[in-house]
Amino acid sequence: MIRVSPRPPAVAALLAAAAWIGLGPASAWAEAFIWIDDSGVTHITDDPSGVPAGARTPEEGIGDLWSSPIGDEPVSGASLSESEARTDRLIRGAVDDLRRGETARASVALDSVLRESPGQAVAHWYLALLDRQRGRYESARAHLEAFLAAAGDDLEPWRQSARRRLAALDDEARVANPAGGRATGPWQDLSNAHFQVHYDPALGEASPNYAQTVLRYLEEARSTVSSRLGAVPDESMGVVFYGKAAYLEANRHRFSFQTVGFFDGRIHVVSAAHPAGELRALLFHEYTHAVFREQTGGDRPYWLNEGLAETSERVSLRRTGLTRSEQRALRDAIDTERWIPLRRLAPSFSGLDDEGARVAYLESAAAAMWISGQTDRAQRAKLLVMLGTGIDADRVFSALIGLDTDGIDRAVRESILAEFPSEAVTAAPHPASATPREAAP
């Protein structure tokens, strides 16, 4: 048996999954306990007085609970048939991919499991989680229903959660539906010392504790971003939360590509009816934009602004660095001359289509991570302050890092190429990457 921790960290790439089990928002794992008794029955509780000595914690046990719901240890591959062992390996690999943020790879693996074993309950569960996170509510519903049809009594706590999640999907579909996603009442308000929250009444109808949950996420964002960038806003910040339908109605005209949030003096974000880890990550992202604007007086260099925000989002999910798939996408962008020079991205991301925006965000994240690796918290705080005085960005970068924008661009591309040392370069770097002070179209 494994010791109990009164404050276990969340499993890295399963924050949304943790929240979806029915224990409330992802941060509620700090008060949740999971254990398996001697009969092989799984128990979940948020009452520490009811936890026996040696209970599993979420971090230590959630993967094993899915891979091997009966017993204290994972089932050995030696005791499985060849087909069962292969399925077990695929599911374990998919869970590892989820921990690393490789959701596309995990989806492919889980889909392959279901092609061979349509009644595999665990695969249906994880695909339901992924689809719900992506806003594919009907597909999530189908997977949950398939899970309920296939799961045995040993998964009864998860069956109970699946029933609750099915009911919650009705709320999610309603706030995302342009025809039914708008509540008739006035928008609601709640504030504390640091934030003024204004939210879609459809969200409050679905989740009575909605405002308190999002305020907690915002405070976590404030604390974490301060520790990374060395700054917080001087004044209380406004934050507007929309259901998807309300967001599209109000803001679809603002951007040439799809968005789920922006900052214009207030943070504006799309929210699920039942907020969880994905909203927390989004708030970390947008809060970073707010700090950047207050410190610099604007949004430029835009790639640095977006890159720092992307990095904060990943920190909220306990992820470090780019995934292998993301590195591969950037390598392909270099090889096919789709790499967008950082100097081109400095004024804005305007005019980019969805594919171009994806490349731009990845490049920006890679560049911000590279800069973070070259600086400490005090230097990053100084960088923002210097940008705010109106000093040219190239002079700021040169003073603190020793490279201007083009030099940083080259360094980031070189770091991406170094991740694939066995591959020959099939195309020269984009010629525009060396063009000084290219203006945005």
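Here is how the numbers come out for the structure above:
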| item | result |
| --- | --- |
| Subset of segment 208-243 [crowded, with 22+ Cβ neighbours inside 10 Å and either among the charged types (D, E, K, R) or assigned to a loop (DSSP other than H, G, I, E, B) (or both)] | GLY243 |
| Qualifying residue in segment 298-320 (condition: at pLDDT 95 or above, open to solvent by 20 Å² or more (accessible area, probe 1.4 Å), assigned to a helix (DSSP H, G or I) and more than 24 Å from ARG216 (Cα to Cα)) | yes |
| The one condition in (1) over 21 Å from the mean Cα position of the chain (by Cα); (2) under 28 Å from GLY388 (Cα atoms) that ALA357 fails to fulfil | (1) |
| Hits in segment 283-297 - residues which are surrounded by fewer than 22 Cβ atoms within 10 Å (Cβ to Cβ) and out of contact with any helix residue (DSSP H, G or I) (no Cβ under 6 Å at 6 or more places or on another chain) | ARG293, GLU294 |
| Qualifying helices (runs of 4 or more DSSP H) (wholly inside segment 326-400; at least 1 residues being small (Gly, Ala, Ser) and under 26 Å from GLU419 (Cα atoms)) | 354-374, 393-400 |
| Residue among SER139, SER76, SER117, SER107 that alone is at pLDDT 50 or above and either of a type in the set (Val, Ile, Thr) or open to solvent by 40 Å² or more (accessible area, probe 1.4 Å) (or both) | SER139 |
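The values are calculated or read from the model by the stated rules, or taken from the named source; none is laboratory data. Since we're looking at a predicted model, the values are computed, not measured. Neighbour counts are summed over all protein chains in view; Cβ atoms, including those assigned to glycine, are modelled from backbone coordinates with ideal geometry. Just the protein is used for accessible areas: all its heavy atoms, side chains included, with ligands, DNA and RNA removed. Shrake-Rupley method; radii C 1.70, N 1.55, O 1.52, S 1.80 Å.
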